[in-house]
1. Has segment B:89-100 got any residue that is surrounded by fewer than 17 Cβ atoms within 10 Å (Cβ to Cβ), within 30 Å of A:PRO55 (Cβ to Cβ) and over 10 Å from the mean Cα position of the chain (by Cα)?
2. Among residues belonging to segment B:1-29 that are exposed (fewer than 13 other Cβ atoms within 10 Å of the Cβ) and among the aliphatic types (A, V, I, L, M), point out the one that is farthest from A:GLY42 (Cα to Cα).
3. For residues that are surrounded by 13 or more Cβ atoms within 10 Å (Cβ to Cβ) and more than 11 Å from the chain's Cα centre (by Cα), scanning just segment A:60-69, find the one that is farthest from the other protein chains (Cβ to nearest Cβ).
4. Could you list, in sequence order, all residues of segment A:54-69 that are over 26 Å from B:CYS23 (Cα atoms) and assigned to a strand (DSSP E or B)?
5. Output the residue which, of all residues in segment A:1-24 that are closer than 20 Å to A:LEU60 by Cα and in a loop (DSSP other than H, G, I, E, B), is farthest from the other protein chains (Cβ to nearest Cβ).
6. Restricting to segment A:33-53, what's the tally of residues that are more than 10 Å from chain B (Cβ to nearest Cβ), farther than 14 Å from A:GLN106 by Cα and assigned to a strand (DSSP E or B)?
7. When you scan segment B:53-114 for strands (runs of 3 or more DSSP E) that lie fully inside it, which ones turn up with 1 or more residues that are within 14 Å of chain A (Cβ to nearest Cβ) and in contact with a Gly (Cβ under 8 Å, 6 or more places away or on another chain)?
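Please treat every number below as a calculation from the coordinates, not as lab data. A quick note: this is a predicted structure, and the numbers were derived from the prediction, not measured. Every residue, glycine as well, gets a Cβ built from its backbone with ideal geometry; the counts of neighbours run over all protein chains shown.
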Amino acid sequence: GAGVSQSPSNKVTEKGKDVELRCDPISGHTALYWYRQRLGQGLEFLIYFQGNSAPDKSGLPSDRFSAERTGESVSTLTIQRTQQEDSAVYLCASSFGVTGRGNQPQHFGDGTRLSIL
Amino acid sequence: AQSVTQPDIHITVSEGASLELRCNYSYGATPYLFWYVQSPGQGLQLLLKYFSGDTLVQGIKGFEAEFKRSQSSFNLRKPSVHWSDAAEYFCAVAPSGNTGKLIFGQGTTLQVKP
């Protein structure tokens with residue numbers, strides 16, 4: 001597609017439920033990133049993928065958070081047993097190569113707004 | 001620890017006035033530097049980037065930024081602001097090397113007065 005696509009755009013769920021957030025990167029982009037943006041805050045890095053592997057998972061807040069990527073395209077971020085502090089906008093980005101290795105800027109989707117009741 | 005500081009949380013300027021948004025970073029080597037803009041309910045749009053070379057970089061929508069190594073700064077400027085520039089602006093740093101992580105500042109909200 002033309003840009004990074006995320007679904008759903010909004011998700012409301014009850015505390016304790018599991019949620020899955022999906023990201024479709026720009027076609028041909030091998031690197032994919034997940035960030036979290038709390039209300040009024042900057043973005044916090046969660047995890048990135050190069051191909052199907054995740055060299056840096058250092059930003060995942062707890063073992064309730066996990067992510068996978070299949071076929072060097074779609075990625076899913078899963079949050080288990082959601083808590084109210086998980087409420088945030090979850091943004092996905094992709095780039096042609098890994099940003100730190102060369103001049104490859106990240107292109108962002110519109111995000112998924114997650115609200116935990 | 002690596003960090004990015006945007007000292008101004010909110011800035012209000014009149015339409016047609018000049019704009020400068022400040023960004024300072026803390027990092028041992030020269031990182032890759034970015035400015036993004038975010039409109040309400042939208043994702044982030046890349047305004048401009050610095051990787052190497054000329055320290056004055058031009059971006060989209062008439063924005064430019066200057067990298068000053070001695071001050072660890074990467075300030076964003078625009079000579080004449082338009083009402084449509086009202087948005088939130090984020091400075092970000094990517095440490096060079098084998099990482100994809102972007103480190104973001106807290107953002108500056110720009111309000112434009114008619």
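1. Looking for residues that are surrounded by fewer than 17 Cβ atoms within 10 Å (Cβ to Cβ), within 30 Å of A:PRO55 (Cβ to Cβ) and over 10 Å from the mean Cα position of the chain (by Cα), one finds at least one in segment B:89-100, hence yes.
2. This residue is B:ALA29.
3. A:ARG64
4. Answer for segment A:54-69, where residues must be over 26 Å from B:CYS23 (Cα atoms) and assigned to a strand (DSSP E or B): A:ALA54, A:PRO55, A:PHE65, A:SER66, A:ALA67, A:GLU68, A:ARG69.
5. Result: A:GLY16.
6. Selection size over segment A:33-53: 2.
7. In segment B:53-114, B:64-68, B:87-94 are the strands (runs of 3 or more DSSP E) which contain 1 or more residues that are within 14 Å of chain A (Cβ to nearest Cβ) and in contact with a Gly (Cβ under 8 Å, 6 or more places away or on another chain).
For every residue, the table says whether it meets (1) within 20 Å of B:GLY53 (Cα to Cα); (2) within 10 Å of the chain's Cα centre (by Cα).
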| position | (1), (2) |
| --- | --- |
| B:GLN2 | no, no |
| B:ASP8 | no, no |
| B:ILE11 | no, no |
| B:LEU21 | no, yes |
| B:TYR32 | yes, no |
| B:TRP35 | yes, yes |
| B:SER39 | no, no |
